[in-house]
Structures are given as C-alpha cells and as structure tokens.
1. Select from the range B:140-155 the residues that are outside any helix (DSSP H, G or I) and touching a helix residue (DSSP H, G or I) at 6+ places or on another chain (Cβ under 7 Å) and write down the one among them that is surrounded by the fewest Cβ atoms within 10 Å (Cβ to Cβ).
2. Residues of the range A:27-60 being without any contact (Cβ under 8 Å) to a residue 60 or more places away in the chain, within 13 Å of the chain's Cα centre (by Cα) and more than 10 Å from chain B (Cβ to nearest Cβ), which ones?
3. Considering the range A:149-180 alone, what residues qualify as being more than 8 Å from chain B (Cβ to nearest Cβ), within 17 Å of residue B:20 (Cα to Cα) and crowded, with 20+ Cβ neighbours inside 10 Å?
4. Go through (1) outside any helix (DSSP H, G or I); (2) more than 16 Å from residue A:29 (Cα to Cα); (3) at pLDDT 70 or above for residue A:142 and report which single condition fails.
5. Among the numbered criteria (1) farther than 20 Å from residue A:154 by Cα; (2) at pLDDT below 80, which single criterion is violated by residue A:80?
6. Being assigned to a strand (DSSP E or B), in contact (Cβ under 8 Å) with a residue 24 or more places away in the chain, surrounded by fewer than 17 Cβ atoms within 10 Å (Cβ to Cβ) and within 35 Å of the chain's Cα centre (by Cα) is the filter here; which residues of the range B:210-248 pass it?
7. Looking for something at pLDDT 85 or above, within 12 Å of chain A (Cβ to nearest Cβ) and either touching a strand residue (DSSP E or B) at 6+ places or on another chain (Cβ under 7 Å) or over 24 Å from residue A:34 (Cα atoms) (or both) - is there at least one such residue anywhere in the range B:47-64?
8. Does the range B:13-28 contain at least one residue that is modelled with pLDDT under 85 and more than 8 Å from chain A (Cβ to nearest Cβ)?
C-alpha cells in the first residue's frame, strides 16, 4: 500500500477512535434498549462505526455527526428487530435475565432497581418499534424534540404524539407486569 | 354538543400533555392547559400517568456496561478488512462520488460484455456469410504475404482446392491463362481452385529465383477488392493496370480478353511487365 494512502488511513482511524470514545456508550445504550440484546447492540454499534469510517470526510459539524450516529443506530436497531422478530420473542426474556444478572453482579445491593429495570425493558420490548424509538431517545438519551424529529426524520408534532401514545401503551404493559405507580414508593 | 367540545378539548390537551410536562408548549397554550387541568380530573390523571412513566423510566435507566475495547477491536478489524478490499478494488471504485455511478457503470460493462459475446458469436456466421456472398478480398492475401503467414488467413476465408492444370481448365467457365507460356524461370508450383460467391477462380503459384509469385485469374465482372491498399493506374506494356506498392510486395491487376488477372509477389517491375505481356 502506498505511503500516502497508509497515512490517510491512519489519520482516519485516529479520527474514528476519537468519535468512538465520545459516542459509543450512548449509542450502545440506544441499541440495547431497542433490541434488548447485548450481542445485537454490539453488532449495531460496530456497523454504525464501520459505516462512519467510510463517510468520515462528509461530516463537518458535531451536531450533524451526532444526529447521523443516532439515526444510524436507531435504524439499525429497528432493522435488527425486524430481522429477528421471531428470535426476539424467544430470546428477550433470556437476554434480560442474563443482562440483569450481569448487572447485579457488578452492582450488588441494587436489587430493586434491577427488578424495575428488567421489567421496564420487558415492557419496552413489547411496544411497537416507533414508540420504543421515541421513548429511548427522549427518556434514556434525553434528546430534545427537535433532535428526535431530526433523527427519526419526522416532524416535532409527530414526536409529541408518538410519545403520548407510547407512554399510554407503556403504562398498560407495566401494569400487566405488576408495576404501577405505587411500586415507585417502595 | 357541549360533550363533544369537552371531548375534543381533552383529546387536544392530552396530545399536548407530553409537551406540557417537558415545558415545550408555548406560554399561552401552557397557561390554557394549566387552567384546564385544574378543572379536569381525567386530564390530571393522564398527566399523572405520564409523570409516573417518566419517573419509572428514570429509575429503571440502568446503564449497561459497555465492552469498549472489545468493541473497538471489532471495528478496527472490520474497517481494516474493508479498507484492504477497497484498496484492492481501487479507491475510486468505492469513493463517494463513484458510488452513484457504480450501478450504471456495472450495467454498462455488462451490456458491453453481452454485446461483445454476441458479436463474437455472430462473427463466425458473418465470416461464412462473407465467404459465401461478399466480394473476394485480395487485401487479405497481401496482408498474409507481408506478415509471412503463408496465405493462412486468406485461405481460411476462401478455401481452395489444389488441382491439376487440366482439372482447373474444366472447373472454370472462362479460358484458362496460358501459364505455360511464362519462361522456365517462372516454375509453376501449384494450381488451386477458389470459390467465392458461387463463382470459381484460379490461383497459380509460381516460383522465380526462390521467390513465390501468385497469379489470380477470375471471370470478368466478378467483384473483388484489395483491402485498404491504395492502387494507382499505370500502363504496363500498353495495358492499363492497377498497381499496389506495399513495399515488401507489389500487386498488379489488369483485364484480359475473357478474364481478369492479379499478380502478387516480391518481383521487379520488369518481371511484372513480363507476366502482363505474356498472360494478357
């Protein structure tokens, strides 16, 4: 490989590393919340950064990059859900048990949180994909309405309306799993 | 009617409740919502539900541990593999600007390939058709002589049969040239009968001082060409001739009484004149 190409690639790899360190945790959380699977989340983040590697020159601003990363992650997450819809039905509960057990090991004494987290993830995984995406971006990632609109490429009003319906569905699912408002008082 | 208005107010407000919770409503709408909420138990309940969900989501927001280095190594491996592939294919082929052209280019290459295959497969048929219907092209013979390939391409296109002089005489409809009249220095080596466009012509091959001379005789009016070679009109022995000087070899054609002649070989003008004079 000619030297100038090798140098360009090395510089590009350095840039990618910096972006990876700045964003990968958040993207991983988004991917995990969408898919309920660590393996899928890893695959998604990997794929997003591989795509980014090929497009690095196209990004000039951090805001644009951040939105693009979220969009790629959400799209890849929703695609993964579509592809593994059947598999997910079988594996979601197993994945949750494995993931939460791992967390319990890392954070002893937080049993109540673990239980809520587990049930919450289970309820989330029962929501339709567009509802799941808005909740993950708004409540887990704390994105503003405008940002969510940009990531999902919908208008701000649709974000609000989806969120409204998503909370209503989530409440029903949580109640079905035995979690209600009183649970929080524990 | 009042019921309907109330229903629509609830619906509209409930859709806006999320924005109200997040302080995203414009000030006047937020004030209206506030007033409505004070007097509406249903909407207050909805608001409480949303807040509860929000709270629960915050409580259950357990961050997953991320395998940072493991993940980075996977990305490095994947990008290295792709970079290598891109490099091997050529950077241009994978570049962003080329991406939009990729499929049209692939389609064009495919079309070109299919056309090339189709033309090649038709080429054989065309050759056969040429030999069956087109004019005889002595330019091929000149090419063969110049490239020392011993008439290979010419006879591939125009198959010839080696015959005796007497057989040649019977094979054609016009009187055979008095080849025997040439001096002994032009030793007759071979006589062939060629067929083109359903008509027969004769090829005499003579040898003079180790050099081969080919003389073709065909019927008057039988079409023929001399390929891409330029011919000049020159009178030789009071006979109007066409002369092609292809450096290594010369070709002279002329019209006899009952047939046309074409002589080719590495001969001097005097030797060509001798042939024209005797055969005309």
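The values are calculated or read from the model by the stated rules, or taken from the named source; none is laboratory data. Worth saying up front: this structure is predicted, and the values here are computed from it rather than measured. Neighbour counts run over all protein chains shown; Cβ positions are idealised from the backbone, glycine included.
1. B:150
2. A:35, A:37, A:39, A:40, A:44
3. A:159, A:162, A:166
4. (2)
5. Checking residue A:80 against (1) farther than 20 Å from residue A:154 by Cα; (2) at pLDDT below 80, the one that fails is (2).
6. B:225
7. yes
8. Scanning the range B:13-28 turns up at least one residue that is modelled with pLDDT under 85 and more than 8 Å from chain A (Cβ to nearest Cβ).
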